[in-house]
Amino acid sequence: MAKVSLTIDNQKVVVEEGTTIFQAAKGVGIEIPHLCHREDMLPTSACRLCVVEVDGARNLVASCSYPVSNNMVVRTNTERVIKARRLIIELLLSDHPFDCMTCEKSGACDLERYAYELGVPTTRFQGEKHAYPLDETNPFFVRDYNKCILCGRCVAACNEVQFVEAINFAHRGFNTKVATPYDRSLLDSTCLFCGQCVAACPVGALTEKSRRFQGREWEFRKVSTVCPYCGVGCNIELDIKDNRIVRVNAPANGVVNQGRLCVKGKFGLDFVHSPERLTTPLIRDGERGDGKFKEASWEEALDLVAKRLSELKNRSGADSLAILSSAKCTTEENYLMQKLARAVLGTNNIDHCARLCHASTVTALSAAFGSAAMTNSIAELRDADCIFIIGSNTSENHPIIALEIMEGVRHGKTKLIVADPRKVRMVDYAHLWLRQKPGTDVALINGMLHIIIAENLYDADFVQARTEGFEELREAIAEYPPSIVSQITGIPVDNLYQAARLYAQSPKACILFAMGITQHTTGTDNILALANLAMLTGHLGRESTGVSPLRGQNNVQGACDVGALPDLFPGYESVTDEVSQGKFEQAWGVSLPDTPGLTVVEMIHKAVAGQVKGMYIMGEDPVLSDPNNTLVVRALKNLDFLVVQDIFLNETAKFADVVLPGVSFAEKDGTFTNTERRIQRVNKSIKPIGDSKPDWQIISELASRLGYTMTYNHPAEIMEEIASLTPIYGGVHYDRLNQQGLQWPCRNRDDPGTKYLHKGRFTRGLGKFHATPYREPFELPDEDYPFILTTGRILYHWHGGTLSRHSPGLAEIRPEAEVEINPQDAEMLCCSDGDLVELASRRGEILVKVKVTDKSPQGVAFMTFHFKEAPVNRLTIDALDPVAKIPEFKVCSVKINPATSQE
Amino acid sequence: MVISNDIDLSLLDPVLEKYQFEEGALIPILQETQQVYGYLPEEVLVHLSREVRVPLSQIYAVVTFYSQFYLTPRGRNIIRVCRGTACYVRGGRSVLRTVEGFLGIREGNTTADYKFTLETVACLGACAMGPVVVINGKYFGKMTSTRAKIVLKAI
Ligand code: SF4
Ligand code: SF4
Ligand code: SF4
Ligand code: FES
Ligand code: FES
């Protein structure tokens, strides 16, 4: 790009053509006053406070939008400029309440700041003033129209940053205001309550409810950390006063989310201060399952746990014990938990919820590529020419990743293909929507492979140089011509061709998938088929390509990385591999069990059978999150001893013998590894609530009581141990974990980490094609159970709701469960929005309210598992993928009846 | 706000077809839509928003910015009384009061039976004839309260 040279306040400046005067001035340290402009948005030129003098120009120009030109002479601070700025401030003040003494924004308000800096104490203009009522209708923030200076930043934030387009300027003249269509409450608009508008407002017109009357701007202590909800791992900054989180912000330079958040991160972290937090250890007092407990000291509780676990081990063997670790906890804690299982208790019976979400990803991608993680990084998505999303409701479950995709689509760069039986929001951004029947993904992908080979659209060089097994694949997919695939999937033949061509012919194409792909009895095959697709077309090992599983939990990646899995040590080394075993035995100073342990669902089955007698469950709620929960409850009741460690008394904890109060992300140090393999620091922000303790301390103390001394003073020391034993974390040390974090593999101190995997070579050497014949889902609709039930999540809640339902705002905006059904089905069943129905499968039944929506295809009912009052996992099936042992949460059959008899 | 519950969205098809490939044609589309329905019903705007892929918030912004657009149904007869200075001082004010009284509505409103909508306008450029009232596009000059009543009764 051409360079332009100009003079700003007598300084020579050379910048790129197209730069604005504002940016050029900023580059040399001159900050021009501004109200409406923000660097992450297009200029609106609404306020004109940024005016400057340009030699030769008759009028003052708005520097935020005015481009530089050669030999331009700019003055930013002349008397004329200052006079103009004062006038602007005075005019703004003429219709602005003089409220600074009680305004929450005071101290961080731009209007206040410029009035002060320009010396404008009051206004000469006594015009008409607005007297709007305060808009307090939504649970998260308040809008005070009287303080609005109509700068338009909130509108730009909503439209250009979050792509929601809920608000705009409406009406004209004196009546102009920021409004939703028909001036309704944001609750009745498309608003998703991301709070981007609140963060963008330069004055006190938009204010988080959580911070009202909680302190002034200058009283807050700020701590940078990571959002604890989803696998995106957004960078957040907590404002703290008196050991309370008062507000959450996203720093503009956050490497993952660049200042953006979703409603959970922005407004959902107040679960930390819920009065229902566990504050002291509890010991069961009464029958198991009654939920009656008495308070206990840490000494008492830990002694009891150690005693009972040792007894069971001595009596029935180490494998009668099983541990569920937690993808919500830090990587260090998961490392300790698996060490507790293997080195202290002597069993490989450790697993965690990854089994229920991405176990099939691990088996499939390990087999095809040799490592199972998101191949590429989030920030590469906006440069992809084609993105193929299959089985991911991205905008609700990975909201910030969805924004990265929308960025590319909006700017005309990316063509988006969405394959989903449900009309999810991403469909609105898609060039092509493939509405496959639930459970027919393998057929769909095989069909695309077939077309790509038939039309010779594949990357023969890549296949030749970097893969094996192509001939077998070619033979296997011969059975999937478009006509047959169309019959199986319900997708028109034309669309199959379009999708195959678009994906194959785009220079850079990536595949994103999530639980819509993994949670099937064919989960492993689904992902192997996707790996075939990427290898066949050479869309791997380069930027903006790859096969990227979107991991659900904030730290499910980290928990897997450090071996909270029954068959794998930290670093994905097999427990049956003698070399690995030797390494860990030496490091831990004990001999280790060498047979793979039980997976989540197997633990439950063995507990029912009486073979697993003691369980230690940390930060999970299998009663709500595991399939066929009647069986889970039976299993828990059948145990001899159950210890649950959590921050709330969740549904599972009600069956515990001992409950240990852990702490939330805000009360401890550690790391989370996000879905793009980025290891990020979690920083302790407040003191533990009540008598609760960081989970890593609890595990250490318990280990010591069990006769294996753990003396870590800080999680940093645990990370040193992880680094020394786990090659992919080899270069990870706390002193290196700055704002960027580190993406594994990061093998030594000098290794900057890895942005995308499989460059030049797959982890396993050659990529391997696998034939993946189509198999039907385990349970299909029939006369008795005519509907397919599919399950998932919504934007506003998290998993079993342990956290999100303890956030008052989130609980208020989505208070109860709904089953979504198609309008035609609703008509046939004679029910409408809000009607109570009984939803029943072969395993149980629940009562739930109906929501009629064309999001659901005919014959398919959708429900979330967030609500314990309507636990959908009473209905789901515990049929497993034969390899990955992941249950089929996405397809089972149900019947729907009006709930008449129940009152 | 929307009173009619049987709005035929298919009436919009020709308009959409006509502007199918044009970018930034929102204002002409809205104008023609208003011609079809007489005003801009909410269902129609929601439908339009989906079809032309313009967010409803932006459509609402445009519709409320220009006075030519109506979000509520209008009467079959549009009465516009001039509020310009020339007309006003020559008795326009009492003509307006008379008309308001006769129709039983304030300016800017529509009668319950949708027979009349009463609006005021700034100078119509016919000051010499003032006070001026325009009824369904037809100009009536030298208006008095009595004449106004006679004209209105005749509709
Ligand atoms: S909260 Fe988010 S979606 Fe709602 S109006 Fe503000 S920016 Fe838009
Ligand atoms: S609410 Fe705030 S951001 Fe939005 S226009 Fe008003 S002053 Fe600007
Ligand atoms: S996208 Fe995920 S990590 Fe980011 S704020 Fe939302 S829940 Fe938190
Ligand atoms: S900051 Fe430039 S016009 Fe507002
Ligand atoms: S003032 Fe009424 S027509 Fe000019």
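I need a count of the residues in region B:122-155 that are part of a helix (DSSP H, G or I) and hydrophobic (A, V, I, L, M, F, W, C).
8
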Worksheet item: Given the residues A:V161, A:V155, A:V120, A:V178, which is the only one that is within 13 Å of ligand 1 (Cβ to nearest atom) and away from chain B (no Cβ under 13 Å)?
Response: A:V161
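Got at least one residue in region A:714-723 being in a strand (DSSP E or B) and buried (at least 17 other Cβ atoms within 10 Å of the Cβ)? It would help to see each step written out before you state the result.
Keep residues of region A:714-723 that are in a strand (DSSP E or B), which gives none.
Taking every residue of region A:714-723 in turn, none turns out to be in a strand (DSSP E or B) and buried (at least 17 other Cβ atoms within 10 Å of the Cβ).
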Fill in: Pairs with Cβ under 7 Å, 6+ apart, first in region B:122-144 and within 14 Å of another protein chain (Cβ to nearest Cβ) and near ligand 5 (Cβ under 9 Å from one of its atoms), second outside any strand (DSSP E or B) and open to solvent by 50 Å² or more (accessible area, probe 1.4 Å)
B:A122/B:R83
Worksheet item: Residues of region B:57-88 being part of a helix (DSSP H, G or I), within 11 Å of another protein chain (Cβ to nearest Cβ) and open to solvent by less than 40 Å² (accessible area, probe 1.4 Å), which ones?
Response: B:S57, B:I59, B:Y60, B:A61, B:V62, B:V63, B:T64
Worksheet item: Can you name the number of the only condition in (1) open to solvent by 50 Å² or more (accessible area, probe 1.4 Å); (2) within 16 Å of ligand 3 (Cβ to nearest atom) that A:E128 fails?
Response: (2)
Response to the item:
A careful count of residues in region B:89-117 that are open to solvent by less than 20 Å² (accessible area, probe 1.4 Å) and either under 16 Å from B:M143 (Cα atoms) or of a type in the set (D, E) (or both) gives 4
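Quick check on A:L192: is it surrounded by fewer than 24 Cβ atoms within 10 Å (Cβ to Cβ), within 15 Å of ligand 3 (Cβ to nearest atom) and within 14 Å of chain B (Cβ to nearest Cβ)? I'd like the intermediate steps shown before the answer.
Details: surrounded by fewer than 24 Cβ atoms within 10 Å (Cβ to Cβ): yes; within 15 Å of ligand 3 (Cβ to nearest atom): yes; within 14 Å of chain B (Cβ to nearest Cβ): yes.
In short, yes.
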Worksheet item: Across region A:793-833, what is the total count of residues that are within 19 Å of the chain's Cα centre (by Cα), of a type in the set (D, E, K, R) and not in a helix (DSSP H, G or I)?
Response: 2
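So which of A:E16, A:E39, A:E90, A:E53 is within 30 Å of A:C158 (Cα to Cα), surrounded by 15 or more Cβ atoms within 10 Å (Cβ to Cβ) and either charged (D, E, K, R) or assigned by TED's automatic domain parsing to the domain that holds A:N257 (or both)? Give the derivation first.
On the way: A:E16 fails: surrounded by 15 or more Cβ atoms within 10 Å (Cβ to Cβ); A:E39 fails: surrounded by 15 or more Cβ atoms within 10 Å (Cβ to Cβ); A:E53 fails: within 30 Å of A:C158 (Cα to Cα).
One residue alone meets the criteria, A:E90.
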Response to the item:
Given the conditions (1) crowded, with 16+ Cβ neighbours inside 10 Å; (2) without any contact (Cβ under 8 Å) to a residue 12 or more places away in the chain; (3) assigned to a loop (DSSP other than H, G, I, E, B), every one holds for B:V54 apart from (2)
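Does region A:218-240 contain at least one residue that is of a type in the set (S, T, Y) and buried (at least 24 other Cβ atoms within 10 Å of the Cβ)? Can you show your working first?
Quick first cut of region A:218-240, residues of a type in the set (S, T, Y) only: A:224-225, A:229.
Next, only the ones that are buried (at least 24 other Cβ atoms within 10 Å of the Cβ) stay: A:229.
Yes, region A:218-240 contains a residue that is of a type in the set (S, T, Y) and buried (at least 24 other Cβ atoms within 10 Å of the Cβ).
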Practice prompt. Considering every residue within region A:31-44, establish whether at least one is within 15 Å of ligand 2 (Cβ to nearest atom) and within 14 Å of chain B (Cβ to nearest Cβ).
Written response: yes
Practice prompt. Those residues that are in a helix (DSSP H, G or I) and in contact with a Leu (Cβ under 7 Å, 6 or more places away or on another chain), I need them from region A:521-534; list them, please.
Written response: A:I527, A:A531, A:N532, A:L533, A:A534
Item to complete: Please find, within region B:41-51, the residue that is farthest from B:P131 (Cα to Cα) out of those that are buried (at least 17 other Cβ atoms within 10 Å of the Cβ) and facing chain A (nearest Cβ under 9 Å).
Response: B:S49
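For every residue, the table says whether it meets (1) in a helix (DSSP H, G or I); (2) among the basic types (K, R).
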position: A:I240; (1), (2): no, no
position: A:K266; (1), (2): yes, yes
position: A:F271; (1), (2): yes, no
position: A:D290; (1), (2): no, no
position: A:L302; (1), (2): yes, no
position: A:N314; (1), (2): yes, no
Discussion item. For region A:535-546, check the following and say yes or no: at least one residue is part of a strand (DSSP E or B) and open to solvent by 10 Å² or more (accessible area, probe 1.4 Å).
Written reply: no
Discussion item. Regarding region A:339-352, can at least one residue be identified that is free of Cβ contacts under 8 Å to residues at least 12 places away in the same chain, small (G, A, S) and open to solvent by 10 Å² or more (accessible area, probe 1.4 Å)?
Written reply: no
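Is it the case, given these coordinates, that A:S224 is in contact with a Ser or Thr (Cβ under 6 Å, 6 or more places away or on another chain), more than 10 Å from ligand 1 (Cβ to nearest atom) and among the hydroxyl-bearing types (S, T, Y)? Walk me through it before giving the result.
Working: in contact with a Ser or Thr (Cβ under 6 Å, 6 or more places away or on another chain): no; more than 10 Å from ligand 1 (Cβ to nearest atom): yes; among the hydroxyl-bearing types (S, T, Y): yes.
So A:S224 does not fit the description; no.
Just to be sure before I move on: is B:S10 within 14 Å of chain A (Cβ to nearest Cβ) and either over 25 Å from B:G130 (Cβ atoms) or not in a loop (DSSP other than H, G, I, E, B) (or both) in the structure I sent? Full working, then the answer.
Numbers: within 14 Å of chain A (Cβ to nearest Cβ): no; either over 25 Å from B:G130 (Cβ atoms) or not in a loop (DSSP other than H, G, I, E, B) (or both): yes.
Taking the combined requirement at face value, the residue does not satisfy it.
In region A:242-256, which residues are part of a loop (DSSP other than H, G, I, E, B) and away from ligand 1 (no atom under 16 Å from the Cβ)?
The initial filter retains those residues of region A:242-256 that are part of a loop (DSSP other than H, G, I, E, B), namely A:242-243, A:250-256.
Scanning region A:242-256 gives A:D242, A:N243, A:P251, A:N253, A:G254, A:V255, A:V256.
Consider A:N146 carefully, then state whether it is in contact with a Pro (Cβ under 6 Å, 6 or more places away or on another chain) and more than 14 Å from every other protein chain (Cβ to nearest Cβ).
Numbers: in contact with a Pro (Cβ under 6 Å, 6 or more places away or on another chain): yes; more than 14 Å from every other protein chain (Cβ to nearest Cβ): yes.
Criteria met by A:N146.
The values are calculated or read from the model by the stated rules, or taken from the named source; none is laboratory data. Small disclaimer: the values here were computed from a predicted structure and weren't measured. Note that we place each Cβ from the backbone using ideal geometry, even for glycine, and neighbour counts take in every protein chain shown. Accessible surface is based on the protein model in full, side chains and every heavy atom, while ligands, DNA and RNA are left aside. Shrake-Rupley method; radii C 1.70, N 1.55, O 1.52, S 1.80 Å.
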